[in-house]
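Worksheet: the structure to be examined is printed underneath.
The values are calculated or read from the model by the stated rules, or taken from the named source; none is laboratory data. The structure presented is a predicted model; accordingly, all values stated were derived computationally and were not measured. Counting neighbours? That spans all protein chains shown, and the Cβs are built from the backbone with ideal geometry, glycine included. The protein model used for the area step is the full one, side chains on, heavy atoms only, and it has no ligands, DNA or RNA in it. Shrake-Rupley method; radii C 1.70, N 1.55, O 1.52, S 1.80 Å.
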Amino acid sequence: MKIAKEKVAAIHYTLTDNSGNVLDSSKGRQPLYYIQGIGNLIPGMEEGLEGKSKGDKFTIKVSPEKGYGVRDDRQIQKVPRSAFGTQEVKKGMQFSASGNHGSQVVTVTEVGLDTVTIDGNHPLAGVELNFDVEVMEVRSATSEELAHGHVHGPGGHHH
Ligand code: ZN
């Protein structure tokens, strides 16, 4: 069976940037289970996985446009230090904020005396992604999985 729309696939992956730094990996965990073609994964991953079968090993190169987006300088803002109240604020801290597009993760990039600079870009925005992938399993999704938009059972939701 090949990976196609509304198939469930299980994949092992290692994600590196162009300098070879490992950003994420499923090694040592169970594989990632997802449903193809319904937006579970970034578009570049779905494109690269389409038509692959169990046992296939390959690399997918994903551009920012088909990954986590290009960096947008308008997502960088200075906010008053007082907005954080008594909370300790450090460079690199991430927290959830609600914005125009629902909740997003913002990262503190600079802490000044009076202002804090926050960046609402996804941490992987603007980064070219290299996925080393191995397909572990391909099966049809059940109608219940398609209705819920996620995988059930091993590697998926239990509810
Ligand atoms: Zn469900």
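Details
- Looking only at the range 64-98, residues that are in contact with a strand residue (DSSP E or B) (Cβ under 9 Å, 6 or more places away or on another chain) and open to solvent by less than 40 Å² (accessible area, probe 1.4 Å) come to 6 in all.
- Just so you know, in the range 23-76 the residues that are aromatic (Phe, Trp, Tyr) and touching a helix residue (DSSP H, G or I) at 6+ places or on another chain (Cβ under 9 Å) include one that is nearest to residue 154 (Cα to Cα), and it is 34.
- All of 78, 66, 91, 52 fail the test of being among the basic types (Lys, Arg) and under 16 Å from residue 127 (Cβ atoms), apart from 66.
Residue-by-condition table, conditions (1) under 25 Å from residue 109 (Cα atoms); (2) in contact (Cβ under 8 Å) with a residue 12 or more places away in the chain; (3) crowded, with 16+ Cβ neighbours inside 10 Å:
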| site | (1), (2), (3) |
| --- | --- |
| 1 | no, yes, no |
| 12 | no, yes, yes |
| 23 | yes, yes, no |
| 44 | no, yes, yes |
| 50 | no, yes, no |
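- Checklist (1) open to solvent by 80 Å² or more (accessible area, probe 1.4 Å); (2) more than 16 Å from the ligand (Cβ to nearest atom) applied to residue 159, failing item: (2)
- Single residue of the range 105-137 satisfying the filter (touching a Ser or Thr at 6+ places or on another chain (Cβ under 8 Å), open to solvent by 20 Å² or more (accessible area, probe 1.4 Å) and among the polar types (S, T, N, Q)) that is nearest to the ligand (Cβ to nearest atom): 130
- Residues that are more than 9 Å from the ligand (Cβ to nearest atom) and surrounded by 16 or more Cβ atoms within 10 Å (Cβ to Cβ) within the range 138-156 comprise 138, 141, 155, listed in sequence order.
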